[in-house]
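To start, the structure itself, in structure tokens.
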Amino acid sequence: MRLIVCLKQVPDSGQIRVHPVTNTIMRQGVPTIINPYDLFALEAALELRDQFGGEVTVLTMGPPSAEDSLRKALTFGADRAVLLTDRLFAGADTLATTHALATAIRKLEAEFGAPDLVFTGKQTIDGDTAQVGPGLAKRLRLSQLTYVSKIVALDLQARTIDVERRSEGGVQLLRTRLPCLITMLEATNQIRRGAMTDALRAARAAILKWNAQEAGVDDTTKCGLRGSPTIVKRVFAPAVRKEKATLIEPDERPAHALIAAVFERQPALAMELTAIEVKKEAT
């Protein structure tokens, strides 16, 4: 089996900063981690590899420092790592990201064979859009199984996979043909601790590093900020008013005039309300 897991190196969610002009995430000086949801996708792929054989390739797009996350994935047992890194990819939204990742997956297919399964986490903790997985499936023309909580069965002869998918109404049992794309939910498996042999291999492993040209991106206008049509609305704090507020007493004259006009047209109502008030005072 050939399995591809798309990972993302994300800033530690407690220390995220946003650029005041471009509204993109500022990564300089911020500790980074592997997107936690992607770890469950990686473990699911590794479990299938252990059961049915094959190889797991981890793929990410990011700055050169994202190599650290790929080496971490190799320590868990991944067989190959690919890093897409180019200034042209900077500032990409989900549309531009899926364009670059899909192009890289097609190159991996040409060099190492077509993948049977492509995995992603359900979303990332920095964007929280949950759009990259479905966007990749659309670009690669793959069936998609989103919010998967369990892989029930895999039949390589029939080329089918059965999964449990969590939905608002409960749990759905779905079957589709391979190849397909799966987005895994959190807490769906127990992430393994890497073996010492994998850690030693990861330290000296050669990571494939592709820029836009090497990845096969032929239209750079679809990458990075240039290929990102997402509009981010900037939110500004309200200006603080320094002058003191002056309280204005309400003018009750219009209300009194209205009540008088009602009582003039409805004398019975006026008598009834007057009787109620007299009764209250008497008690």
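Quick notes on this structure:
- Environment charge at K222 (Cβ cut-off 12 Å; Lys +1, Arg +1, Asp -1, Glu -1): -1
- In this structure the amide hydrogen of S143, modeled in the peptide plane, comes within under 5 Å of the amide hydrogens of L181, none closer than 5 places in sequence on its chain.
- Length added when fully stretched, M196-E277, from 0.36 nm per residue minus Cα-Cα: 20.3 nm
- If you plug the beta carbon distance of D219 and F112 into 1/(1 + (r/R0)^6) with R0 = 25 Å, you get a FRET efficiency near 0.55.
- Highest average packing first - 190-200, 72-82, Cβ atoms within 10 Å: 72-82, 190-200
- For the range 94-149, the list of trypsin sites (Lys or Arg not before Pro) that fall in a loop by DSSP and count at most 15 other C-beta atoms within 10 angstrom reads R141.
- Integer Hz, Karplus 6.51/-1.76/1.60 couplings in order for the range 192-197, x for Gly and Pro: 6, 8, x, 6, 4, 5
- Rounded, prolate or oblate (a/c below 1.5 giving rounded, otherwise prolate when a/b exceeds b/c) for the range 74-205 by Cα gyration tensor: rounded
- Sorting L173, L42, L225, L84 by the number of Cβ atoms found within 10 Å of their own Cβ, with the fewest placed first, yields L173, L225, L84, L42.
- Spin-label model, A205/E55: points 7 Å from Cα along the beta carbon direction are separated by 1.1 nm.
- Cβ-based exposure ranking for C180, C6, in which fewest neighbours within 10 Å come first: C180, C6
- Listed from fewest to most Cβ neighbours within 10 Å, the set M271, M61 follows the order M271, M61.
Here, each number is a calculation from the coordinates, and none is a lab measurement. All figures in this text were calculated on a predicted structure; none of them were measured in a lab. Note that we place each Cβ from the backbone using ideal geometry, even for glycine, and neighbour counts take in every protein chain shown.
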